[in-house]
Amino acid sequence: MAGLIDFQDVFFGYGDQPVLRGLRLTADPGAVVHLTGPNGSGKSSVLLLYAGYAAAGSGAVRVCGHDAQDPAVRALRRYCGVDQALYPQLTVREHLEFATRARGLPWRAAASRAERYGLDRWTDDTVSALSTGSARKLWIIMCTLGEFAAVGLDEPFLGLDEEAAGVLAEELVEWSRDRAVLLVSHDVPRTLTGRREVALGAAVG
């Protein structure tokens, strides 16, 4: 049975370098699916395929019953990549206002998340003045605003302090109750319970 996130016999590579060979993977509500494996095993590639930023060489990648590259999936899916698309000269507030307008959400939707992460005290600071951890908090909030059915996150705990990592772990557990959650992370806090680990193979070289 297909999952909300569904990879069926997926082959993918870069040029003549194969990365994924016949991957089968499903993610549904009930657990955080935590991808593990050595560097080069394809963990981030799985998330790029899920997000529709890359196309499989063969096989099928489906999200919420749609091809992952179908524009209809955009409203149902969230993706938080490891590289942050933030503007150094803009404030935290300006970033969150842009994100809420783009999603058709009220300001409170972002403000409540900022408070939960302890970012509310920095809303008038520019991104260039933020610590690494605060910038990561902002990026996570922007990428995961609103209602969605599936979410994929690549190294979201990177740079977070223990308190913020705990908040994110709580959110992941909350989301996983009724949404599909796909996670790539080398460092997972102990408070992230109920996860299902999926080990990808060794790097091909």
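What follows is calculated from the coordinates using simple rules that are stated; it is not laboratory data. What you are looking at is a predicted structure, and each value in this text was computed from that prediction instead of being measured. Glycine also receives a Cβ, built like all others from the backbone with ideal geometry; neighbour counts cover every protein chain displayed.
Our note on the geometry: Cα centres of region 3-76 and region 108-125, 32 Å apart. By the Cβ-Cβ criterion of under 4.7 Å, the unpaired cysteines of the chain are Cys64. The stretch between Gln8 and Glu147, if pulled fully straight at 0.36 nm per residue, gains 47.4 nm over its current Cα-Cα span.
Which values, in whole Å and largest first, are the semi-axes of the equivalent ellipsoid of region 32-100 obtained as the square root of 5 times each eigenvalue of the Cα gyration tensor? Don't jump to the answer; show the numbers that get you there.
Numbers: eigenvalues 140, 62, 22 Å².
Taking √(5λ) for each eigenvalue gives 26, 18, 11 Å, largest first.
Inter-label distance, Glu174 to Arg24: 3.6 nm, where each label sits 7 Å from its Cα along the C-beta direction. The calculated 222 nm mean residue ellipticity attributable to helices in the chain amounts to -8500 deg cm²/dmol, summing -39500 (n - 2.57) over DSSP H runs of n ≥ 4 and dividing by all residues. When Asp28, Asp178, Asp9 are sorted by how many other C-beta atoms sit within 10 angstrom of their C-beta, beginning with the fewest, the order is Asp178, Asp9, Asp28. With Cα extents along the principal axes in Å defined as stated, name the option among (i) 61, 41, 33; (ii) 49, 44, 30; (iii) 48, 34, 32 computed from the structure displayed. Here Cα extents along the principal axes in Å agrees with entry (iii). Computed over neighbours whose Cβ is under 15 Å from that of Gly13, the net charge equals 0, Lys and Arg +1, Asp and Glu -1.
If the chain linking Arg121 and Tyr53 were pulled fully straight, counting 0.36 nm for each residue of separation and taking away their Cα-Cα distance, it would gain 21.1 nm. Its relative contact order, with pairs defined as Cα atoms under 8 Å and 6+ residues apart, puts the chain at 32 percent.
Could you tell me the relative contact order of region 86-146? Use alpha-carbon pairs under 8 Å, at least six residues apart, and round to a whole percent.
Working: 59 pairs, mean separation 29.6, N = 61.
Relative contact order of region 86-146: 49 percent.
To the nearest 10 degrees, how steep is helix 92-103 against the longest Cα principal axis of the chain, on a 0 to 90 scale? Taking the Cα atoms of the chain, the angle to 92-103 is about 50 degrees. Annotation note: trypsin sites (Lys or Arg not before Pro) in region 114-205 located in DSSP loop regions with a Cβ neighbour count of at most 13 within 10 Å are Arg177, Arg190. On the basis of the beta-carbon distance and an R0 of 25 Å, Thr132 and Asn39 show a calculated FRET efficiency of 0.75. Once the chain from Arg74 to Arg196 is taken as fully extended at 0.36 nm per residue, the excess over their C-alpha distance is 41.4 nm.
Mind checking the dipole of the chain: about its Cα centre, +1 per Lys or Arg Cβ, -1 per Asp or Glu Cβ, Debye to the nearest 20? Show your work: numbers first, answer last.
On the way: 21 positive and 25 negative charges, 66 e Å.
Around 320 debye, computed over the chain.
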